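Worksheet: one structure, shown below.
The values are calculated or read from the model by the stated rules, or taken from the named source; none is laboratory data. These numbers come from a predicted model, not from an experiment. Note: ideal-geometry Cβ built from the backbone for every residue, glycine included; neighbour counts use all protein chains shown.
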Amino acid sequence: MIAPEKCTKCAGLLDEGFLLEVAHGNSLSPTRWVSGAPVKSFWMGLKLDGHAQYEVRTYRCRNCGFLESYAN
Ligand SMILES: [Zn+2]
């Protein structure tokens, strides 16, 4: 994966990071990108069968705060 170098809005410097997901029991994980529209499930909250999932890396501009995300 190629890391972006500059903000697309203001050309400021970007810092790598991720959006934090706090699940039941305070377990921590990075946010994931999931393919397709969300389908509700009674037991799990959402059905994820057959949906591709990728961890999301998000870069933050030091200058303007713009967030740019990649799911590789
Ligand atoms: Zn910026």
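Per-structure values
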read-out	value
Those residues of the range 34-47 which are loosely packed, with under 11 Cβ neighbours inside 10 Å and within 18 Å of the chain's Cα centre (by Cα), in sequence order	GLY36, ALA37, LEU46
Total residues in the range 12-43, condition over 22 Å from TYR54 (Cβ atoms) and in contact (Cβ under 8 Å) with a residue 12 or more places away in the chain	2
Options GLU68, GLU55, GLU5: the member that is modelled with pLDDT under 90, under 19 Å from the mean Cα position of the chain (by Cα) and not β-branched (Val, Ile, Thr)	GLU5
Top-ranked residue of the range 48-72 - restricted to ones that are among the charged types (D, E, K, R) and within 14 Å of the ligand (Cβ to nearest atom), ranked as surrounded by the most Cβ atoms within 10 Å (Cβ to Cβ)	ARG60
The range 2-47: number of residues that are assigned to a loop (DSSP other than H, G, I, E, B) and either within 16 Å of the ligand (Cβ to nearest atom) or at positive phi (or both)	10
